[in-house]
């Protein structure tokens, strides 16, 4: 793990097609389009959460968020087991923390239930999580629960590595984010967003169409080439959704960036934090959790974050229980906690949106302190989540066309 110049943690997940696995953990949102012509290339995921999340204090001040009501007998059975084996949950990822850090996902679980939560191979990949389940089955070392990419989740079903379990809040998890039998379900997601340094740009764009306005000449940037990295690949897909494309047709997104370049608004500078803060790339298109972190990190630039009204592209990660879990009841308790209001708010404190976010927002369950730090819940309505088949198809289109039609990044 290395710390970049922006102060955020960068994680390497390996190369697509390697033993580390395709579409791996921690590339979850920065390398969403993998597996074709180098799209799995070397951009590292940048975690927006720290060991004590920037929003943790807001969660700590939440009012009326009670521990989850549990199925009869589950708590006693889990406490009897006494341990929950976790894997590849870095302390500074999605506000996971550790059992000794308060106001974090794992810290609050331990505080509530007193069940030990050792995390092995914290920097591991999704593929390594699945390998661990199959390699250690029948032993006390087997993971009890995993947090994996959709591809590895589907592979786990094929390998019969997961035990079905439906949490009590199952109906509030979007159908597009769960396997019907309960073998896995999405836990959190990120959404493509616009981040604007309003110290330079006084009128932040709200739609993809806005980005073509003459006032944004030379100001619109992405974080790398979509032909080698997933965050800008997702930006192109978001643009496609806003310009007549679909999850099955990303080409309109490439054409949009071609037009953005033709009118002189596209800035080929890679939008790292330094040029964003300096104003060299005052408008950046990237995942909301990263832009939200910049908002906190650079208060003097009055950074404004919004989800474009006309191209809402998102992607997610998944939880599953090992079919060979040595502590199956602790694993079920973990799942109940994660998908309770309390667990979901702890995820939200790490800037990633939890699976039940829409339902919780509609029910008024997002504390004002958290809600104020995020774009309005209405901006997250109508999100589009791709399937793995769609990702592979779109990856091939971008790899074949970006450099010859746009290039420059």
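Miscellaneous remarks
- Residues that are part of a helix (DSSP H, G or I), crowded, with 19+ Cβ neighbours inside 10 Å and modelled with pLDDT of 95 or more were ranked within segment 256-298; the one that is farthest from the chain's Cα centre (by Cα) is 260.
- Counted residues, segment 133-166 - those being surrounded by 15 or more Cβ atoms within 10 Å (Cβ to Cβ) and in contact (Cβ under 8 Å) with a residue 40 or more places away in the chain: 21
- Matching residues, segment 361-393, being touching a helix residue (DSSP H, G or I) at 6+ places or on another chain (Cβ under 6 Å), farther than 22 Å from residue 102 by Cα and part of a helix (DSSP H, G or I): 361, 377, 388
- Residues of segment 188-206 satisfying the condition of being part of a strand (DSSP E or B) and over 20 Å from residue 176 (Cβ atoms): 194, 195, 196, 197
- Total residues in segment 205-220, condition buried (at least 16 other Cβ atoms within 10 Å of the Cβ) and either under 24 Å from residue 245 (Cα atoms) or at pLDDT below 95 (or both): 8
- Taken over segment 125-147, the criterion of being under 23 Å from the mean Cα position of the chain (by Cα) and part of a loop (DSSP other than H, G, I, E, B) is satisfied by 125, 143, 144.
- Residue among 206, 202 that is touching a strand residue (DSSP E or B) at 6+ places or on another chain (Cβ under 9 Å) and either assigned by TED's automatic domain parsing to the domain that holds residue 89 or over 30 Å from residue 105 (Cα atoms) (or both): 206
- Hey, residue 194 buried (at least 17 other Cβ atoms within 10 Å of the Cβ), closer than 26 Å to residue 271 by Cα, touching a residue at least 24 places away in the same chain (Cβ under 8 Å) and out of contact with any helix residue (DSSP H, G or I) (no Cβ under 7 Å at 6 or more places or on another chain) or not: yes
- Here residue 182 fits the description: touching a helix residue (DSSP H, G or I) at 6+ places or on another chain (Cβ under 9 Å), at positive phi, surrounded by 16 or more Cβ atoms within 10 Å (Cβ to Cβ) and in a loop (DSSP other than H, G, I, E, B).
- Every listed requirement among (1) over 16 Å from residue 229 (Cβ atoms); (2) touching a residue at least 24 places away in the same chain (Cβ under 8 Å) is met by residue 364 save one, (2).
- Residue satisfying condition, being closer than 22 Å to residue 290 by Cα and over 23 Å from the mean Cα position of the chain (by Cα), within set 219, 192: 219
- Test result for residue 408, surrounded by fewer than 16 Cβ atoms within 10 Å (Cβ to Cβ) and not in a helix (DSSP H, G or I): yes
- Subset tally (residues that are buried (at least 21 other Cβ atoms within 10 Å of the Cβ), in contact with a strand residue (DSSP E or B) (Cβ under 6 Å, 6 or more places away or on another chain) and under 25 Å from residue 321 (Cβ atoms)) for segment 344-390: 7
- Considering residues of segment 99-124 that are assigned to a loop (DSSP other than H, G, I, E, B) and surrounded by fewer than 18 Cβ atoms within 10 Å (Cβ to Cβ) only, the residue farthest from the chain's Cα centre (by Cα): 114
Residue by residue, here is whether (1) crowded, with 20+ Cβ neighbours inside 10 Å; (2) free of Cβ contacts under 8 Å to residues at least 12 places away in the same chain; (3) outside any helix (DSSP H, G or I); (4) not assigned by TED's automatic domain parsing to the domain that holds residue 159 holds:
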site: 300; (1), (2), (3), (4): no, no, no, yes
site: 305; (1), (2), (3), (4): yes, no, yes, yes
site: 310; (1), (2), (3), (4): no, no, yes, yes
site: 320; (1), (2), (3), (4): yes, no, yes, no
site: 325; (1), (2), (3), (4): yes, no, yes, no
site: 330; (1), (2), (3), (4): yes, no, no, no
site: 333; (1), (2), (3), (4): yes, no, no, no
site: 336; (1), (2), (3), (4): yes, no, no, no
site: 342; (1), (2), (3), (4): no, no, no, no
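- Test result for residue 299, touching a strand residue (DSSP E or B) at 6+ places or on another chain (Cβ under 9 Å) and closer than 20 Å to residue 373 by Cβ: no
The values are calculated or read from the model by the stated rules, or taken from the named source; none is laboratory data. Keep in mind that what you see is a predicted model, and the values were worked out from it rather than measured. When we count neighbours, we look across all protein chains shown, and the Cβ atoms used for this are built from the backbone with ideal geometry, even at glycine.
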